[in-house]
Amino acid sequence: DIYSVADAVVFGDLLITLLRNVNIVHSASLAQLVNVIAPIMTEPGGPAWRQTIFFPFALTAKYAKGGSVLASQEDADSCETSQYGEVPMTDSVVVRGADGSLTIFVVNRSLDRSVEYRSDVSGLYKAGKVVVQSIHDKDVAARNTLEDPKRVGLQTRKDFTFENGKLGIILPPVSWTSIHID
C-alpha cells in the first residue's frame, strides 16, 4: 500500500484515539515496519523512503513514550458527514512526557475548512520552547514514491501564538499536528 496525506491524517487521528484510551488499550502494534503495509518502503538493492504515515507514528512514539495522557477539553466546531452525521472537526490529546515536556496532538478532519485551535495550558506551562510540526498538503492524495520520496513530509510551523500558557494556531484542512512544549 502506498499511503497519502489523507491516510496519514487518519492514522494520526487513530493514534490520538489510542492515546486517549490508554486506560483500556494496553498494547498496540504496527503490523509491518517495512514494505507491504508499512511506514517505510524499500526497493531490493535500492533506496528506502518514508511513507506519509511514518511522520505521525514517529512523533507520537517520540513524544508519548513513557508519558502520561492528561485530560483534555475541546470545544470544536462540527462538520456533517454522510455516514456518521455531525462529528467534531478537530480531535486532540495532551501528553505529559517523561521529561516533563508537554505535547498536544491535534487533527483537523475538515475537508475544506481551516480551524482555529486554542489551548490553555497555563496550569502546566506558562512559557517554553514550542515546536509545531504538521502534515498536510493541498493535494490530500499526495504520496511519497520511489520517484519522489520527499514529496510529503512534516512542515515546521512558526505561525502560532504562545503567551502566558495560551496557545493558538490555525489548522489547515485535512491536517495532523504535533505541538511540543519544552
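The values are calculated or read from the model by the stated rules, or taken from the named source; none is laboratory data. No experiment lies behind these values; they were computed from the predicted model shown. Note that we place each Cβ from the backbone using ideal geometry, even for glycine, and neighbour counts take in every protein chain shown. With ligands, DNA and RNA removed, areas are computed over all heavy atoms of the protein, side chains included. Shrake-Rupley method; radii C 1.70, N 1.55, O 1.52, S 1.80 Å.
Loop-located trypsin sites (Lys or Arg not before Pro) across the range 1-100 with a Cβ neighbour count of 12 or fewer within 10 Å are LYS65, with loop assigned by DSSP.
Ignoring the sites themselves, the chain has its longest run without GluC sites (Glu not before Pro) in a DSSP loop having at most 16 other Cβ atoms within 10 Å at 1-73. Distances between placed amide hydrogens fall under 5 Å for LEU171 paired with VAL115, GLU116, TYR117, all partners being 5 or more residues away or on another chain. Cross-link partners of LYS150 among lysines, defined as those whose alpha carbon lies under 29 angstrom from its own and excluding same-chain residues fewer than eight positions apart: LYS62, LYS65, LYS129, LYS138, LYS158. What you get for the range 82-151, charging only the Cβ of Lys and Arg (+1) and of Asp and Glu (-1), is a dipole of about 240 debye around the Cα centre. Near VAL10: Cβ cut-off under 12 Å, other residues only, Lys/Arg at +1 and Asp/Glu at -1. The net charge is -2. Extension gain for ASN23 to GLU43 (0.36 nm times residue separation, less C-alpha to C-alpha distance): 3.3 nm.
Calculated over the range 95-182, the projected area of the Cα convex hull averaged across directions stands at 6.5 nm². In the range 37-182, the portion of solvent-accessible area held by carbon and sulfur atoms comes to 49 percent [1.4 Å probe, whole percent, DNA, RNA and ligands not counted].
With a Förster radius of 22 Å applied to the C-beta separation of ASP112 and THR161, the computed FRET efficiency comes to 0.35. In a simple Cβ point-charge model (Lys, Arg +1; Asp, Glu -1; nothing else charged), the range 23-105 has a dipole of about 560 debye relative to its Cα centre. Under a 5 Å amide H cut-off, with hydrogens placed 1.01 Å from N, THR52 pairs with TYR3, ASN144 among residues at least 5 apart or on other chains.
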